[in-house]
Each structure stands twice: as C-alpha cells, then as structure tokens.
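Engineer: This structure is in structure tokens; I'll ask about it shortly.
The values are calculated or read from the model by the stated rules, or taken from the named source; none is laboratory data. Quick caveat: nothing in here was measured; it's all calculated off a predicted structure. Note that each Cβ is placed from the backbone with ideal geometry, even for glycine, and that neighbours are counted across all protein chains shown.
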Amino acid sequence: MELLQTLINGVLTGFVYGVVALSFVVIYRASKIVNLAQGQVVMASAFFVWLFVLALGWPLWLGLPAALLASIALGAAIERAIFRRLIGQPVFSVVMASIGLLILIQGAAQLFFGAQTRPFPQVLPAGAWQLGPLLLNKTLLIGAVLTLLTGEGLHRFFTHTRAGLRLAAVAEDHVTALSLGVSVRWATAIAWMLGTALAMLAAVILLSGTVLGLQAAEIGLRALPVALLGGLESVRGASLAGVLVGVGEALASRFLDPLTAGAASLVFPYVLMILVLLLRPQGLFGWRKIERL
Amino acid sequence: MNPSIASPVRRACIATALLGALAAATPALAQTSYTVSVSLDYTGPFANVMDSWWGGQQSVFDWWNETRGKALGIKLDVKTHDLRYDASVVARTWPQILSQDKPIVFLGMGSPDLVSLMKRLPGDKVPMIMGTAMIGPLWTANGWHFSYRPTYSQEFAGLFDYLQKRLPEKRALRVGTVSTQGLAGYVDQVNGVVALAKTYPERFAVVSQQWVDNQPVSVTNQIREMAKANPDLILVGTNTAQVVATVKALKELGLKTPIVTSSHNGLNEAAKAVPIADLEGSYSVFAFAPYNDPTVKVAEIFAKYNKTKGTWGITSAQTAGQALLAVAAIERAATKVGADKLSGQAVYDALLAGPFPAEQFLGLLPTVALTSAAPFPTEHLAVKAMTVKGGKLVAVSEDWMPVPPLEKW
Amino acid sequence: MAMLPSGVFFSSHAAERALVRTPPQRLALAALLLVLVLLPLLLNDYLLGVLTLAGVTLVAVLGLHITVGMAGQLNLGQSAFVGVGAFVAAALAAKGWSLWLCIPAAALAAGAVSILFGLPAVRIKGFYLALTTIAAQIMFPIVMIRLPEAWFGGTAGLPVDPPAVFGLVLDTPRSIYGLVLAVVVLAFLGAANLSRSRIGRAFRAMHDNDIASSVIGVDLARTKIMAFFAGAFFAGISGALYAYYVRYVSTEQFTLWLSVWYVGMLIVGGLHTPLGAVLGVLTITALQEGVHAAGGWVMAQTGSSLSGGTVFALTNVVLGGVIVLMLLFEPLGLAHRWALLKAAYRIWPYPRA
C-alpha cells in the first residue's frame, strides 16, 4: 500500500515533468529548434500569471487568459527576433542562441519582477482526494488530466491535420521543407506560440498555491531528460516519459536514497538520460534519423 | 623690559599661551576616527533585502557615533563594499579593503566572506563579525571570525528544550526533520539535532529524517512517512519553498503538527504563500529577539536614525545585532587600550575578554560570551522564538530560552 | 593565416608556420608582454584582482575553445571540470604537495573525468553530446559533496593555503598575478600550437565533416575523447589557479550558470581562434565591471538602492543580449571583426575581399 502511494505520487509528479517536456517537444516538433531556455520560459509565464492575477488583482477568468496572451506574445517575439534569422543554420547556432536566451530571460525577469519570492495564486484547487487509503493531490491530478488531454490533442494535430503534417516536414529538415513549399517562418511562429502556451500550463500546475521565485526556472533542467527519453519529436512520448522518470525518481528516493545520502533520486534523471543517449538516442518514440553522406 | 623681572611673567605668559593652544587643539585630538568596513550585496542574490540589511547596521552606527562614541572620543567611519555575495569578488577586493580602509573590524554578510577570509584574517589582524547562524563544519578554534549566533542546530535546541519542559508527560520530545541532501548547511542542521538527541536521549528523539528536493513539487510522500513516527514537531530549517510544501502536505494529510523554522525561512516568509491560519502553532526560532518584541529598544534607534528605504523587521534586527556586537567590542577595547590606540588586534582581544552583558544590546541579544574555542558563543546561549497564535505572530516567551550545552558533533 | 605586407618572404617551412613571423610582430609581442608584466605597478589592487580572475577564467575558456571551437563538440559542463581541478588541487595542497605537482595533477584529474563523459561521444554527437555535458555539470555537486570528507571536505568544501614557488609564498595580489600571468601565457601558447599540430588538424577535420574525416583516417572516437580531454586539461589548470587565488573551494562556486557564461564568452569573442577566447573574456569582464560600476554610481547619485538587484539583472540582460546579437549578426565573433579590420588595414585603399 505504501508502495502504491509512492508510485501514485511518482506518477503525478511525473506528469508535471511531462508537461514541461511537452512544451519543449512541441517547439522541437514544429520547428526543429532546441530550446534550452524552456525553464526560463515557464518561469516567465508564471510571472505573467502573478502579474495579472495578484499584482493587478484581476479575477482568474480574466487574468489567466491575459497571461496566456502575454506568454504567447513573448513566444512570438522570441521567435521573430531571434530564431527566425537562424532558420537553416546548424543546430549548434540554435543551441547557442537558446543559451543566450536563457541568460537574457533570467536577467530580464529579475529586472522587471525582482528577486524576492512571492505568492502564486491558487489556480488549481489545493488539497487531496481520498481514494480508500490513498491520497491523490488535487492540483497534480487535475494537471495530469490536462496534460494527457493536451498531449492527445497535439498528437492529433501533428499527425492528422494538414497544418500539423506540414510542421512535421519542418521538423525533419528546414531546407527540404522550404523546397516543398512549407513556410518555415510560419512553422517556427506556431511552434513558439504553442510552446509558450504549454509553458504557462506547466507553470500553473507546478506552482499553483506555492511561492514563485527566480529558481522556478530549474524545472527546465528536469524536463530535458524527460524530453529525451520520450523522444524529441514525440508529443505522446513526453507524458509517458515524464511518468517513467517520476516513478523512477520516487522509487529511487524511497529505496536508494538512504543508501546514497540522497544522491540517487537527484542523479536518476541524468543517469537515465545518459543511458538513453548511449543505447537509444532517439528515445522511446522519437524519429530514427539515418545519416547520409 | 627688564628680562630678569619679566622672566616669571614671561614664563607665565608662555605657559598660558601653551595651555591655550593645547585647549584649542584638544577638541581635535579628542575625537579619533576609525574605519569599519561592511560587506554588502547590491548585485547578487540578496540584493533585494539590502535596504533593510544596511539600514539595521547604519542606524546602529549612527546612533553610537552620536551617543557613546562621542563620549569616548571615537568616531566610526563606516565604509560599505558591494562584494556581491561571491567568494571570488571577496578574494580580489580584500587586499584593497585592507590597504585603503585599514578597518578595525569587518562586518561580513555570509559564507562567501567567511570562506574567503577565514584563513587570511589572523594574518591580517582584522576581526570579522557576522550576523548569520553558523554550521557545524565551521566550529573551529582560533579564528578571527565571530557571530553572535551559534549554529542553527543550537538555536533549534533552545526551542526544543523549552517545549520539552512543557510537555504534558515526562518523555522525550519527538522531532521529525525535513531537509535536503547535498547542501552543506542543510545537512548539518539535521546532524546537530541528531547530536542533541544523542546527548540527551531521555529528552529529545529524532524520530524521522526526510530528505526532499531543494525546491520540491510535493512532499506529501515524505510527510506521510514521517507521520507514522508521530512526531511532536517538524523541523524545516532550510528554505521557504520547503516550509510551504510541508504546510500543504500536512493540510492534505489532515495533520496539525507544528513546524519549526529559522530566521531566513520564517513564518512571515511562509505567510506570503499560505494563509496564516495554516501556520497556527508553528514556530520561528533564532538567537536574537523578535523584531516586534516590545523590550527591544533597538527598534526606536532604527526608527530615529535609519536613512535607508529599509524597514524594521527580521533582517534589520539581525544586522543591528551584528553592529551592536561590533560597537560593544570597540567600547571595551577603547576602555582597555585607550580611545586613540584602537586596532584590529585590540578589538579582537576585547571580543574574547569575557561575556558581554545583555544590557549592552538593548534587549536585542542575550549575553554574548565569545571564546577562542569557536567562532560563536558556546556558553550563556539563549534564543527567542515567534509563533502564530490566533492568526497573529507573537513571541513565545518574554524571557530568553537557554540552549542546553552541546559538544561539537 | 593573416595577410602579410608585401616584401615579406620566407625561406623555410618552419619560418612560415611560426606563430610570430615578422620583426614588427615580434616587437609588438615583446611590448605586450612587457606591459602585462608591468601592469601591477600601474593598477590598484582591485583592478589587478579583476585581471587575475579574468586570467584564470581565460585558461578555462581556452580549453573550451579547443573542445567547442576547434573540434565542434559543444561542452556545457566546463565549470564542472574546473571544479574537479580546483578540488583536486585543494586536496593535494592540503596534503602538502607543491604547486608544481598540484597543477598538473589537477589538470590530469579533470581530463580523466572528462573522458568519462566524453565516452558517449563515441555514439552521439552535436546537441545530444551537449546534453551529456549538462548532465555532468548537474551531477558534479551532487556527487562531490558525498565523497568522503577526508578527500574533498564533504559539504563544507576545502580551504587552501597560498602557494609557494621557489620558497616564495604568493599571498599578495601582485605575486599571484605573476603566477596567473605565467600560466596564461603558457596556456595561450599551448592552445595556439595545438591548432598547428596533427591532433589539432584532426580536430578541425572532424569539425568540418566528421564522416569525411573518418574516411581519410581520423579515428572519430579517439579524437572526440581527445578533444574533451584537452578542454578539461585546461579547465583543471584553471581550477587549480582558482583554488590558489580564492583560497577556498566549494561546490557552489562551479555552477551550470558559469558554464553557460564560459560558452557565452566564447561566442562573443569568437569560437575559432585562441584570440577569440581572450577577446571574449576581456569583453565580458569589462562589461560586467562596467555595469557594476555604473550601477554603483547611479545608486550613489540617487542616494539609495533602486533595488540593487537591478545591477545583477542588468548584467545578465546585457550579456544575454550581446550573445544573441553576436549570433545573429556576427557568428564568428569579435576575433573575426578584428581579422577583418587587420585585413582592411593591410590592403587599403582596395576594398575588402
């Protein structure tokens, strides 16, 4: 029974990792842009929510859509200013640009909002539901359901709609997509807008009712192994990988941490990531790329 | 004029002239100026609390200069340095501070100052005074760095002692700890409390140690584990995020165990994220008086002399205590070697020359008894705590709560 | 190789391949070295300290230039390797080993650790390899703290005594500057020479097109591992110098943020030449100090801290902005601009090629 509770908590936490990874994967899936600054983007969305709901005092039904619009606008601005000019450039430049973006957003967040921690509104209900002897954290459970639904919806979008399939072409190769008449610019714009919208969902699930500070960006680092495990192009894989990592962490925390002074659950995602990179770089559901000379 | 007749007159004239000159010069000689250097952080992680931080120190120094300093003939010139809470910046700025400021005492901020200067101070002969709590690994002898606060674990021990004595039955106080692995201070807090339980097994017991992420998403799992051991208190001395997560976990599980926090992650911080009603019965404990304690006269000094945008709160109280210890040592040194012969060495000797009575600190600190055995007092230790009663932050007790003696762990 | 004025001819291969080829270049180099040696007399202690730390960073960024610029392996964990070097040097110095042994030992230790994380390079490349280095960086503090306290000080870290060279204890700003300057000159020479050597050419071949280079006989796996080793070797030296300078090592001093800044410095300065590393470090250090000084001045004028966190935030905004701008408009960095400037000067009044 204890084990079951541990597993359940691991699954719920894993969905949080999954939604952050999903925002990362969506950007990659739609435009082949690796965004190492995704944690900072989640943090920025969180600050927007705080701004509208707490600082300006708007009610939730008004503040949340406003924050959503602000996040999407931020994504569009980033895409327009930076990544549009890097279309067709090697992955190296894109990764470097996302590094620059990381530093920039971190600094800008501190500049506009300050370094002190502040409360975050209770967007999703607090508390837990009792299911027999088991406890299910309300926020995380609702978040998990939302993640699954969004994941499924996006999967349908990418695989069953015209627009989504065009985006898949862009994820394959920019130049090829251009030669086929797909507008890569439009694809990157969509990618970033979707990605930042998802980042806001992630922020809300992660921070509902707790405190918000600059360290919220650290979740981005946790999402990288998850995105990799699921496969960088796989929207469905992100949620599943999140669950796997969450459960693995919970189990490691319970059984291995006492032996390793707490190191096991902390390094688990990264060791897993290295194993994935060594054994199956495309992750569980990613595309297998065959190199051509 | 006949020289032989005028000679005594002339001598009298000369003597008067000399005395007059001396009298005119005396006001200039009476006030000796010394420099106190202060480490601040305007650009790093603590920049947002710098106003209150500096305000606490600045108001004490200004007050002292105007009152006790004037009586002693000493003027303290306070020079601030933005050391960015970064050990490498401290390392590269320290030679400049030494050669240009020539301070008689240095007010440090935190661990970057400590680690960078620990080994240099005995050679450079400038004592450093801190206002933050210490940790076990820093319990070394013969240093020139001091804090009026002991280790976090000793501060917690003071509250545990007080609460254990007030338990309805005669039994050990059951404490559960929530902390993070891999961060020096956080692990040490728990080690110290474990040592306390080992030293007084019939009075304290650590029934559960839970390790969580530094910024946890949820700690319900761990609190559930802990609840099986039925602790009387949960110690969360690390950061606000963990306090908030623990409060939420307790609420989810329907438990009402009080939480014990320190000064930096205290109740007022947690109250920003959770309704204060959820904190009912929890504690914050530290080795200086709560800022809203009416016996703390330093609040008036702050109100009168503060020139910054800071407010009177835990931060300014903490740093005011730091400044008060510095001026207490300077006063004692001046009485011993003379107001015009002060130096870092003299202030260092004064710090170790015996306990400083609590009256010296105007209600903010208990008796501070520093020795060369540790960078903090090991005797006469006492703490005060705040708790939430009826939705309000109140002091737990009017008197200081003594800390049971603890050996180095 | 840059253009030379007309009338300069070489009669031996060695003379043409030399780093310093003409008498005016030799003169300029001698003048530069003289200025660097005499700087302690001109600058105050604080600026000297800034330069010393910039020098320590430069050694690490030179290593990064080898791994990233020459061999094309994106390394986002350089700070972790610096940390390994710093801890090893501190641990050995605490046992009484002399500086001459500590620094090489630190370098070798960092290199050894980097091999561990470069082994995946055999199978993966590009962005995925960068992720491995991020993993290394994140795991570094977690593992380091849990190693036995007798080795590396556990959670508290290790204090370091000032180093002694030829019986002279280096505990003044000037003496430690001298040590760092000597090491920086050697490191720069090493990095510059590396690109002219066989392994350096292998690095560049691998960077240009790894599959083609394997066709002509470059052992990809070995070369990739060598690239990591070389970069980490420099990082280890940088770490040892850092330990001697700050005189305390703890895991909080070696963060992912620092690794990111190192890469940022390289981007700004120019990835492909050692000069780029120098320019990048100097520019970013100047920017940092400039923003802090400006912030301090503004705060003094307005008489209060307009939320002092603004200065720290501004540094990041400026740096991040500079990196992004460089990537968009001058991906080859300041070194490239400098090379263009020199070329334009040489062939004036003809337009640039």
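Engineer: Need the failing condition index for residue C:217 against (1) part of a helix (DSSP H, G or I); (2) surrounded by fewer than 22 Cβ atoms within 10 Å (Cβ to Cβ), just the number.
Structural biologist: Residue C:217 satisfies every listed condition except (1).
Engineer: Further, regarding this structure: Within the range C:196-206, can you find the residues that are under 16 Å from residue C:229 (Cβ atoms) and not aromatic (Phe, Trp, Tyr)? It would help to see each step written out before you state the result.
Structural biologist: Going residue by residue through the range C:196-206, those that are under 16 Å from residue C:229 (Cβ atoms) are C:197-200, C:202-203, C:206.
Matches in the range C:196-206: C:197, C:198, C:199, C:200, C:202, C:206.
Engineer: Please go through the range A:32-67 and pick out each residue that is under 30 Å from residue A:287 (Cβ atoms) and either in a helix (DSSP H, G or I) or in contact with a His (Cβ under 7 Å, 6 or more places away or on another chain) (or both). Walk me through how you get there before you give the answer.
Structural biologist: Taking the range A:32-67 as the starting set, the residues that turn out to be under 30 Å from residue A:287 (Cβ atoms) are A:32-45.
Correct list: A:32, A:38, A:39, A:40, A:41, A:42, A:43, A:44, A:45.
Engineer: Mind checking whether some residue in the range A:76-97 is away from chain C (no Cβ under 14 Å), more than 30 Å from residue A:135 (Cβ to Cβ) and in contact (Cβ under 8 Å) with a residue 40 or more places away in the chain?
Structural biologist: yes
Engineer: Could you list, in sequence order, all residues of the range C:121-152 that are more than 9 Å from every other protein chain (Cβ to nearest Cβ), buried (at least 18 other Cβ atoms within 10 Å of the Cβ) and of a type in the set (Phe, Trp, Tyr)?
Structural biologist: C:140, C:152 - these are the residues of the range C:121-152 that are more than 9 Å from every other protein chain (Cβ to nearest Cβ), buried (at least 18 other Cβ atoms within 10 Å of the Cβ) and of a type in the set (Phe, Trp, Tyr).
Engineer: While we're on this one: Hey, does the range A:217-224 have a residue that's charged (D, E, K, R) and more than 14 Å from chain B (Cβ to nearest Cβ)?
Structural biologist: No; the residues of the range A:217-224 include none that is charged (D, E, K, R) and more than 14 Å from chain B (Cβ to nearest Cβ).
Engineer: Out of the range C:203-223, which residues are in contact (Cβ under 8 Å) with a residue 24 or more places away in the chain, more than 14 Å from chain A (Cβ to nearest Cβ) and not polar (S, T, N, Q)?
Structural biologist: Result: C:203, C:204.
Engineer: If a residue must be in a helix (DSSP H, G or I) and touching a residue at least 12 places away in the same chain (Cβ under 8 Å), how many such residues does the range C:117-130 contain?
Structural biologist: Residues that pass the stated criteria total 9.
Engineer: For residue A:250, are the conditions met, namely being surrounded by 20 or more Cβ atoms within 10 Å (Cβ to Cβ), over 19 Å from the mean Cα position of the chain (by Cα) and more than 12 Å from every other protein chain (Cβ to nearest Cβ)?
Structural biologist: no
Engineer: Determine whether the range C:165-186 contains at least one residue that is in contact with a Leu (Cβ under 7 Å, 6 or more places away or on another chain) and outside any helix (DSSP H, G or I).
Structural biologist: yes
Engineer: Can you confirm whether residue C:311 is under 20 Å from residue C:50 (Cβ atoms), assigned to a helix (DSSP H, G or I) and at pLDDT 85 or above?
Structural biologist: no
Engineer: Of all the residues that make up the range B:267-277, how many are modelled with pLDDT of 85 or more and either surrounded by 20 or more Cβ atoms within 10 Å (Cβ to Cβ) or closer than 17 Å to residue B:163 by Cβ (or both)?
Structural biologist: Residues meeting the conditions: 1.
Engineer: Condition first: at the interface with another protein chain (Cβ under 7 Å from one of its Cβ atoms) and of a type in the set (Val, Ile, Thr). Now tell me which residues in the range C:153-171 satisfy that.
Structural biologist: Within the range C:153-171, C:155 is the sole residue that qualifies.
Engineer: I'd like to verify a number: residues in the range B:212-248 that are over 28 Å from the mean Cα position of the chain (by Cα), assigned to a helix (DSSP H, G or I) and either modelled with pLDDT under 85 or facing another protein chain (nearest Cβ under 9 Å) (or both), how many?
Structural biologist: Number of matching residues: 6.
Engineer: For residues that are in contact with a Phe, Trp or Tyr (Cβ under 8 Å, 6 or more places away or on another chain), surrounded by fewer than 24 Cβ atoms within 10 Å (Cβ to Cβ) and over 11 Å from residue B:39 (Cβ atoms), tally how many sit in the range B:104-118.
Structural biologist: Here the count works out to 1.
Engineer: For the range B:53-104, give me each residue that is within 14 Å of chain C (Cβ to nearest Cβ) and among the basic types (Lys, Arg).
Structural biologist: The answer is B:79, B:84, B:92, B:102.
Engineer: Examine the range C:278-286 for a residue that is among the polar types (S, T, N, Q), touching a helix residue (DSSP H, G or I) at 6+ places or on another chain (Cβ under 9 Å) and not in a helix (DSSP H, G or I), and state whether such a residue exists. First the steps, then the outcome.
Structural biologist: The initial filter retains those residues of the range C:278-286 that are among the polar types (S, T, N, Q), namely C:283, C:285.
From what is left, the residues that are touching a helix residue (DSSP H, G or I) at 6+ places or on another chain (Cβ under 9 Å) are C:283, C:285.
Checking the rest, the ones that are also not in a helix (DSSP H, G or I) come to none.
No, the range C:278-286 contains no residue that is among the polar types (S, T, N, Q), touching a helix residue (DSSP H, G or I) at 6+ places or on another chain (Cβ under 9 Å) and not in a helix (DSSP H, G or I).
Engineer: Taking the condition in a loop (DSSP other than H, G, I, E, B), closer than 24 Å to residue C:141 by Cα and in contact with a strand residue (DSSP E or B) (Cβ under 7 Å, 6 or more places away or on another chain), does residue B:189 pass? Give the derivation first.
Structural biologist: Numbers: in a loop (DSSP other than H, G, I, E, B): no; closer than 24 Å to residue C:141 by Cα: yes; in contact with a strand residue (DSSP E or B) (Cβ under 7 Å, 6 or more places away or on another chain): yes.
For residue B:189, the condition - in a loop (DSSP other than H, G, I, E, B), closer than 24 Å to residue C:141 by Cα and in contact with a strand residue (DSSP E or B) (Cβ under 7 Å, 6 or more places away or on another chain) - is not met.
Engineer: Follow-up. Within the range B:382-400, take every residue that is assigned to a loop (DSSP other than H, G, I, E, B) and touching a Ser or Thr at 6+ places or on another chain (Cβ under 9 Å) and give me the one that is surrounded by the fewest Cβ atoms within 10 Å (Cβ to Cβ).
Structural biologist: B:398
Here's the yes/no breakdown for (1) in a helix (DSSP H, G or I); (2) buried (at least 24 other Cβ atoms within 10 Å of the Cβ); (3) in contact with a His (Cβ under 8 Å, 6 or more places away or on another chain); (4) modelled with pLDDT under 90:
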{"site": "C:221", "(1), (2), (3), (4)": "yes, no, no, yes"}
{"site": "C:235", "(1), (2), (3), (4)": "yes, yes, no, no"}
{"site": "C:268", "(1), (2), (3), (4)": "yes, yes, no, no"}
{"site": "C:276", "(1), (2), (3), (4)": "yes, yes, yes, no"}
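Engineer: Further question on the same structure: Only one residue in B:164, B:189 is in contact with a Leu (Cβ under 6 Å, 6 or more places away or on another chain) and either within 12 Å of another protein chain (Cβ to nearest Cβ) or surrounded by fewer than 24 Cβ atoms within 10 Å (Cβ to Cβ) (or both). Which one?
Structural biologist: B:164
Quick grid of which residues meet (1) surrounded by fewer than 18 Cβ atoms within 10 Å (Cβ to Cβ); (2) over 24 Å from residue B:78 (Cα atoms):
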position	(1), (2)
B:311	yes, no
B:318	no, no
B:321	no, no
B:330	no, no
B:334	no, no
B:358	yes, yes
B:361	no, no
B:377	no, yes
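Engineer: Any residue at all in the range A:88-97 that is closer than 30 Å to residue B:219 by Cβ and at pLDDT 85 or above?
Structural biologist: No, the range A:88-97 contains no residue that is closer than 30 Å to residue B:219 by Cβ and at pLDDT 85 or above.
Engineer: Just to be sure I understand, how many residues within the range B:344-356 are buried (at least 17 other Cβ atoms within 10 Å of the Cβ), farther than 20 Å from residue B:139 by Cβ and touching a residue at least 24 places away in the same chain (Cβ under 8 Å)?
Structural biologist: Qualifying residue count, the range B:344-356: 4.
Engineer: Something else now. So, residue B:149, is that one among the charged types (D, E, K, R), assigned to a loop (DSSP other than H, G, I, E, B) and within 30 Å of residue B:117 (Cβ to Cβ) or not?
Structural biologist: It is true that residue B:149 is among the charged types (D, E, K, R), assigned to a loop (DSSP other than H, G, I, E, B) and within 30 Å of residue B:117 (Cβ to Cβ).
Engineer: In the range B:288-341, how many residues are assigned to a loop (DSSP other than H, G, I, E, B) and either in contact (Cβ under 8 Å) with a residue 40 or more places away in the chain or of a type in the set (A, V, I, L, M, F, W, C) (or both)?
Structural biologist: Total meeting the criteria: 18.
Engineer: So residue C:182 passes all but one of these: (1) at pLDDT 85 or above; (2) buried (at least 19 other Cβ atoms within 10 Å of the Cβ); (3) under 30 Å from residue B:97 (Cα atoms); (4) of a type in the set (Gly, Ala, Ser). Which condition number does it fail?
Structural biologist: (2)
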